[in-house]
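*Asks:* One structure coming up, written as structure tokens, with questions to follow.
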Amino acid sequence: MKVDYLIVGQGIAGTALSYTLLQQGKKVLVTDMPYAGSSSRVAGGVCNPITGRKLVKTWKADELFPFLKAFYQSLEKTLNTQFFYPRQIYRTFKSVEQRDQLLEKSVQNEWEHFFDTKVNDQLYEPFLDAPMGGWQTKQGGWLDTSKLLDAYCQYLQTLGSYRKVELVYDDVQVTPHKVLWKDVEATHLIFCQGMQGKHNPYFAQMPFRLVKGELLHIKIDQQPPLENVISQGVFMLPLSDAPGEYLVGATYEWRDLSTVPTEKAKAQLQEKLNKWLKLPYEILGQKAGVRPATLDRRPLVGLHPDYPAIGFFNGLGTKGVSLAPYFARHLVGHIEQGAPLNEEVDLMRYWEHPIDKS
């Protein structure tokens, strides 16, 4: 079987990359062996252009967010399934000073398409108090990652482009211009393995800083369900297919990298949620996953310097649903058209300037 691309991993990265290639007429084969704790399946899936305590635009927000919306909507059309839901993200003003600063910022050209200060606070009043009112982030959204990955897997199967199997490194033969694996001959082999990429022998020097994250699944009975996300130390995200049910997250843990939910994380999430949520709720479940973050919090994109038939698309960290579409196209442009990689994501930054991973 001859293909243009053999892709290992069908998480968010592998899905975005393979779909981008299919749209360009390339023949692909995706191999995947789903594992517990895959961050793509456990992810909250929130796309948020304004982040952090200082409320700054996330890195490359002006490019990422228009692109991701168009990408996921195109994929929805192809799969005839809805899994991307545009959502505004509501926050309360913390002080008069913050309110004045954000109101001033909201009318600046570089910010106005992300800020919405004309908010109906009454919609949120049953859930939390906002004595000074609040504001909303525009261009946000929620990606139902499990729904996407399941639908896309079925789509690949109809194309004969999917195998549920774990690729064993010793079974791979690499030549200067192609890769051989079992009965497959591929022009390129691209690894999109998430947290498992940390153990990839071809890219062993990549400095991952894995981050475990946990979410709660809750239900609130007393009020009409929200349509938008509330972000107050933790986010509370309405589930579109289950009115009255929400995801609450997320935690960040760098030491315990197991995929087992913990009482510690449950208590942390409840403590933060209880500080502002006025309504009683029932906990329906809890899940944990490990995000493939890096030391500099930038993706790892590019080809191996000694084996140019092999590539790596990883390190999307906590913002995978936002980063994957844009940088999948970026990697394809580099391979197919020779376009230069952004220096901030080019994995060669670690070959040329190795960092102590201890």
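Every number here is computed from the coordinates shown, using simple stated rules; none is lab data. No experiment lies behind these values; they were computed from the predicted model shown. Counting neighbours? That spans all protein chains shown, and the Cβs are built from the backbone with ideal geometry, glycine included.
*Asks:* Between residue 169 and residue 4, what FRET efficiency follows from the Cβ-Cβ distance if R0 is 30 Å, with the result rounded to 0.05? Numbers along the way, then the final one.
*Replies:* Values: r = 21 Å, r/R0 = 0.71.
Result of the calculation: an efficiency of 0.90.
*Asks:* Right, here's the next one. Taking the Cα centre of the chain as the origin, how large is its charge dipole in debye, to the nearest 20, when only Lys and Arg (+1) and Asp and Glu (-1) carry charge on their Cβ atoms? The partial results should precede the final answer.
*Replies:* Numbers: 40 positive and 39 negative charges, 41 e Å.
The calculation lands at about 200 debye.
*Asks:* Something else now. Using Cα pairs under 8 angstrom and six or more residues apart, how large is the relative contact order of the chain, in percent?
*Replies:* 23
*Asks:* Please express the Cα-Cα pair-distance distribution P(r) of region 117-221 as a list of whole percents, one per 10 Å bin, running from 0 to the bin with the greatest distance.
*Replies:* 9, 23, 26, 17, 14, 9, 2
*Asks:* What distance in nm separates the simple spin-label points at residue 73 and residue 271, each placed 7 Å from Cα in the Cβ direction?
*Replies:* So the two model labels end up 4.2 nm from each other.
*Asks:* Using only DSSP helix segments of four residues or longer, with each worth -39500 (n - 2.57), what per-residue ellipticity at 222 nm results for the chain after dividing by its residue count and rounding to 500? Before the final figure, lay out the partial values.
*Replies:* Details: 8 runs with 95 residues, N = 358.
Mean residue ellipticity at 222 nm (helix-derived): -8000 deg cm²/dmol.
*Asks:* Continuing with the same structure: Once the Cα atoms of helix 96-106 and of the chain are each reduced to a long axis, what angle between those two axes, in degrees from 0 to 90 to the nearest 10, is obtained?
*Replies:* Helix 96-106 sits at roughly 50 degrees to that axis.
*Asks:* Which FRET efficiency value, to the nearest 0.05, do you get for residue 178 and residue 88 by plugging their Cβ-Cβ distance into 1/(1 + (r/R0)^6) with R0 = 45 Å?
*Replies:* With R0 = 45 Å, the Cβ-Cβ based efficiency is 0.40.
*Asks:* Which shape class applies to region 111-151: rounded if a/c is under 1.5, otherwise prolate when a/b exceeds b/c and oblate if not, where a ≥ b ≥ c are the square roots of the Cα gyration tensor eigenvalues? Don't skip to the answer; put the middle values down first.
*Replies:* Working: a/c = 4.58, a/b = 1.75, b/c = 2.62.
Note, shape of region 111-151 comes out oblate.
*Asks:* Of the options 189, 216, 167, report the single residue whose Cα projects farthest towards the positive end of the charge dipole of region 128-253 (beta-carbon charges: Lys, Arg +1; Asp, Glu -1).
*Replies:* After comparing all options, I get 189.
*Asks:* For region 1-148, build the charge dipole from Cβ charges (+1 Lys, Arg; -1 Asp, Glu) around the Cα centre, then report which of 73, 6, 22 sits farthest towards its positive end.
*Replies:* Result: 6, furthest along the dipole toward the positive end.
*Asks:* So what are the radius of gyration and Dmax for the Cα set of region 62-132, in Å?
*Replies:* 16.1, 47
*Asks:* Taking the Kirkwood radius as the inverse of the mean 1/r across Cα pairs, report the Rg/Rh of region 163-234.
*Replies:* Details: Rg = 21.1 Å, Rh = 17.0 Å.
With Rh from the inverse mean 1/r over Cα pairs, Rg/Rh is 1.24.
*Asks:* OK, next. What nm distance separates the two modelled labels at residue 27 and residue 150, each placed 7 Å from Cα along Cα→Cβ?
*Replies:* Each label point is offset 7 Å from its Cα along the Cβ direction, giving 3.2 nm.
*Asks:* Would you mind checking the pairs 118/138; 60/272; 27/77 and listing those with alpha carbons more than 23 angstrom apart?
*Replies:* Numbers: 118/138 11 Å; 60/272 29 Å; 27/77 20 Å.
Among 118/138; 60/272; 27/77, the Cα-Cα distance tops 23 Å for 60/272.
*Asks:* Another one. Where a ≥ b ≥ c are the square roots of the eigenvalues of the C-alpha gyration tensor, would you call region 252-293 rounded, which needs a/c under 1.5, or, failing that, prolate if a/b is larger than b/c, or oblate?
*Replies:* On the way: a/c = 2.68, a/b = 2.01, b/c = 1.34.
Judged from the Cα gyration tensor, region 252-293 comes out prolate (a/c at least 1.5, a/b above b/c).
*Asks:* Working out 0.36 nm times the residue gap between residue 295 and residue 117, then minus their Cα-Cα distance, what length gain in nm do you get to one decimal? Before the final figure, lay out the partial values.
*Replies:* On the way: separation 178, 0.36 × 178 = 64.08 nm, distance 3.50 nm.
Extra length available between residue 295 and residue 117 comes to 60.6 nm.
*Asks:* Just to confirm the number: angle between the C-alpha axis of helix 145-158 and the first principal axis of the chain, 0 to 90 degrees, nearest 10?
*Replies:* The two axes meet at around 30 degrees.
*Asks:* May I pose another question? If you count, for each residue, the other Cβ atoms within 10 Å and average over each peptide, how do 256-263, 156-163 line up from highest to lowest?
*Replies:* Values: 256-263: 13.5, 156-163: 15.2.
The densest-packed peptide leads the list: 156-163, 256-263.
*Asks:* Okay, next question. Dividing the Cα convex hull volume of region 287-358 by residue count, how many Å³ per residue is that? Walk me through the numbers before you get to the answer.
*Replies:* Numbers: hull volume 7.9 nm³, N = 72.
Normalising the Cα hull of region 287-358 by residue number yields 110 Å³.
*Asks:* Sketch the reach of a paramagnetic label on residue 257 as a point 7 Å from Cα along Cα-to-Cβ, and name the residues of region 191-220 whose backbone nitrogen lies under 15 Å away.
*Replies:* Answer for region 191-220: 193-201, 203-213.
*Asks:* Test of understanding: what is the full-extension gain from residue 282 to residue 95, defined as 0.36 nm times their sequence separation minus their Cα-Cα distance? Numbers along the way, then the final one.
*Replies:* Details: separation 187, 0.36 × 187 = 67.32 nm, distance 3.12 nm.
Extra length from residue 282 to residue 95 when fully extended: 64.2 nm.
*Asks:* How long is the chain along each principal axis, judged by its Cα atoms, biggest number first, in Å?
*Replies:* Each principal axis gives a Cα extent; for the chain these are 65, 44, 41 Å.
*Asks:* Still on this model: Note the full-extension length gain between residue 53 and residue 222 as 0.36 nm times their separation in residues minus their Cα-Cα distance, in nm to one decimal. Please list the in-between numbers first.
*Replies:* Details: separation 169, 0.36 × 169 = 60.84 nm, distance 3.08 nm.
Value of the extension gain: 57.8 nm.
*Asks:* Here's a follow-up. Determine, from the Cβ-Cβ distance of residue 125 and residue 209 and an R0 of 56 Å, the FRET efficiency 1/(1 + (r/R0)^6), rounded to the nearest 0.05. If you can, show how the numbers build up before the last one.
*Replies:* Details: r = 40 Å, r/R0 = 0.71.
It comes out at approximately 0.90.
*Asks:* Hey, how many Å between the Cα centroid of region 97-136 and the Cα centroid of region 34-89?
*Replies:* 22
*Asks:* Name the most mobile residue of 292, 243, 49, meaning the one with the largest mean-square fluctuation, in a Gaussian network model of the chain with Cα contacts below 10 Å.
*Replies:* Top of the fluctuation ranking is 243.
*Asks:* If you average the alpha carbon positions of region 255-276 and of region 156-217, how far apart do those two centres end up, in angstrom?
*Replies:* 31
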